[in-house]
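In what follows, a structure is listed as structure tokens, so that the remarks can point back to it.
The values are calculated or read from the model by the stated rules, or taken from the named source; none is laboratory data. Since we're looking at a predicted model, the values are computed, not measured. In this analysis, Cβ positions are derived from the backbone assuming ideal geometry, glycine residues included, and neighbour counts consider all displayed protein chains.
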Amino acid sequence: MITLNTLLWQSAIFAAVVFVLALFLARRPSFRQGFFLLTDFLAAFFLSAGLTVVLISVFMRYVLNKPPGWADEFARIFVAWGAMFGFTVALREGRHITVDILFSMLGPEGKRKLDLLAHFIGLLFASFIAVAGWHYVMFLKQLGLRSIYTDIPEWILTFILPLGFAFFAFQFGLGFWDLYSGRAQVHEEVTGV
């Protein structure tokens, strides 16, 4: 059994490593483009695969009258994996939901500092979930649980937790560097919504 203290210090170390890695690699345009292409491809691939499985399932259930047992599980897994990579893409493009109450009361420098703080807190949170997810995946591997319909080990299906949040943490690190270095602008306020 892992304790909260262990989770916290492991998360802090992971966040520091991800942050330093993001700062180092943020200056390499080819790596940055490769990372962006990879996350775009993975999000699109898994979401498309999930949609395809749903369409196959609907066709088999209502046209052929032979509902596949495996379809619901694969659709759930593919959509979850696609959404996790999609979170990273949405963060990169500034499409996450924000609450602008405090933000709108600040001047330009205050907004910049608040945005930096938000990216730093996001990095810490994503790192915590990545580390906790890793321990959960290892626990599932130790138990040896397998999926009912597909007989795939549950730890493989759940591996998206540490992987997806590691990608998310890395994107927070890149975003922090971009804001800090002036490469990116502070996010825009949404008005009239």
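Here is a check on your reading of the model: is ASP72 acidic (Asp, Glu) and modelled with pLDDT of 95 or more?
On the way: acidic (Asp, Glu): yes; modelled with pLDDT of 95 or more: no.
No; evaluated as a whole, the condition is false for this residue.
The number of residues in segment 1-28 being surrounded by 12 or more Cβ atoms within 10 Å (Cβ to Cβ) and among the basic types (Lys, Arg) comes to 0.
Does segment 29-42 contain at least one residue that is surrounded by 13 or more Cβ atoms within 10 Å (Cβ to Cβ), among the polar types (S, T, N, Q) and in a helix (DSSP H, G or I)? Yes: segment 29-42 contains one or more residues that are surrounded by 13 or more Cβ atoms within 10 Å (Cβ to Cβ), among the polar types (S, T, N, Q) and in a helix (DSSP H, G or I). Checking the structure you have, find out if any residue of segment 3-26 is in contact (Cβ under 8 Å) with a residue 24 or more places away in the chain, within 26 Å of ILE156 (Cα to Cα) and in contact with a His (Cβ under 9 Å, 6 or more places away or on another chain). Within segment 3-26, one or more residues are in contact (Cβ under 8 Å) with a residue 24 or more places away in the chain, within 26 Å of ILE156 (Cα to Cα) and in contact with a His (Cβ under 9 Å, 6 or more places away or on another chain).
May I ask you to say which residue of ARG95, ARG112, ARG61 is assigned to a helix (DSSP H, G or I), among the basic types (Lys, Arg) and loosely packed, with under 15 Cβ neighbours inside 10 Å? Break it down stepwise before answering.
On the way: ARG95 fails: assigned to a helix (DSSP H, G or I); ARG112 fails: loosely packed, with under 15 Cβ neighbours inside 10 Å.
Checking each option against the conditions leaves just ARG61.
For the condition in contact (Cβ under 8 Å) with a residue 12 or more places away in the chain, closer than 28 Å to VAL137 by Cα and surrounded by 12 or more Cβ atoms within 10 Å (Cβ to Cβ), ILE77 qualifies. Does PRO68 satisfy the criteria of being farther than 21 Å from ASP40 by Cα, surrounded by fewer than 18 Cβ atoms within 10 Å (Cβ to Cβ) and touching a strand residue (DSSP E or B) at 6+ places or on another chain (Cβ under 6 Å)? Considered against the rule, which asks whether it is farther than 21 Å from ASP40 by Cα, surrounded by fewer than 18 Cβ atoms within 10 Å (Cβ to Cβ) and touching a strand residue (DSSP E or B) at 6+ places or on another chain (Cβ under 6 Å), PRO68 comes out as no.
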